[in-house]
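What follows is one structure encoded as structure tokens, with my remarks underneath.
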Amino acid sequence: MSNNEVNTEQIILAAAEAEFLEKGYGNAKMVAIAQRAGVNHSMLHYYYRTKEQLFQKVFKEKVQALTQMFGVIFEQNTDFTGTLRRVMETQFQFLSQNPQLPQFIFNEILSNKDNREWAIKTLFPHLFPFLSAIEKMLTNEISKGSVRPISVQNLLMNMLSINISTFVALPVLKENFQFNNSENLEKFLNERCESNVQFVLNAIKP
């Protein structure tokens, strides 16, 4: 594939992501995606023949991006607390770059049986090595008495839910608080990320 073809495909994927996030999978149209990308309909079909193929490609790219970010963390061989901090910070950063994603996942994936089953099959193999690594570290820390007994499932739910809730609530917060410029918003998000990390770390102290 030539550089021009790669660039065109990335432009199409960016346009498709915007269309899916804005309108949802059901209301997104291939014609509208082509218009957003600045390509004709036949060019769009050259790369992706169906909306489903395009949707799955967009989702897989998000999964791969998150996997790469987590991979860097586990290559650094930090201690358990440091690893949890980095995982939460990385997850928070990913969500800050994709703030519409949690609501989209709830509306278009979790509430749709076929999409949910496909997403689980796509996501789980990528994240399983990291989940296993955290579980192994957690078990070791519990045996040493450095953290209180807690299941890895509950720990992961705590980490995930507290970060996601920030971005689910963000549209309301923007309307009712003084986030009238990017500097104020960035300051709030930085503070919120640290608050989330401290909340989870304090919750597992013995």
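Annotations for the structure displayed:
- Given (1) in contact with a Lys or Arg (Cβ under 8 Å, 6 or more places away or on another chain); (2) loosely packed, with under 15 Cβ neighbours inside 10 Å; (3) within 22 Å of Met69 (Cβ to Cβ), number of the condition Phe128 does not satisfy: (1)
- The residues in region 40-66 that are farther than 16 Å from Phe104 by Cβ and either in contact with a His (Cβ under 6 Å, 6 or more places away or on another chain) or among the aromatic types (Phe, Trp, Tyr) (or both) can be counted, and the count is 3.
- For the residues Thr139, Thr122, the requirement of being farther than 20 Å from Glu17 by Cβ, in a helix (DSSP H, G or I) and of a type in the set (Ser, Thr, Tyr) singles out Thr139.
- Taken together, Ala14, Ala32, Ala28, Ala37 contain a single residue that is under 21 Å from Leu110 (Cα atoms) and either at pLDDT 90 or above or of a type outside the set (Val, Ile, Thr) (or both), which is Ala28.
- Scanning region 57-70 for residues that are surrounded by 14 or more Cβ atoms within 10 Å (Cβ to Cβ), of a type outside the set (Phe, Trp, Tyr) and over 16 Å from Ala14 (Cβ atoms) turns up Val63, Leu66, Thr67, Met69.
- Residues that are modelled with pLDDT under 90 and either over 23 Å from Gly24 (Cα atoms) or crowded, with 18+ Cβ neighbours inside 10 Å (or both), drawn from region 71-100: Gly71, Val72, Ile73, Phe74, Glu75, Gln76, Asn77, Thr78
- With respect to the conditions (1) in contact with a Lys or Arg (Cβ under 9 Å, 6 or more places away or on another chain); (2) more than 25 Å from Leu95 (Cβ to Cβ); (3) not assigned by TED's automatic domain parsing to the domain that holds Ile11, Thr78 lacks only one, and its number is (2).
- The set of residues from region 71-103 being hydrophobic (A, V, I, L, M, F, W, C) and closer than 23 Å to Phe188 by Cα comprises Leu84, Val87, Met88, Phe92, Phe94, Leu95, Leu101.
- Any pair with Cβ under 8 angstrom, 6 or more apart, that starts in region 181-200 at a residue that is at pLDDT 95 or above and ends at one that is of a type in the set (D, E, K, R): Cys193/Glu89; Val197/Arg85; Val197/Glu89
- Meets criteria (closer than 20 Å to Gln103 by Cβ, of a type in the set (Asp, Glu) and modelled with pLDDT of 90 or more) for Glu22: no
The values are calculated or read from the model by the stated rules, or taken from the named source; none is laboratory data. As the structure is a prediction and not an experimental result, all values here were calculated from the model. Here Cβ is always computed from backbone atoms with ideal geometry, including for glycine, and neighbour counts include all displayed protein chains.
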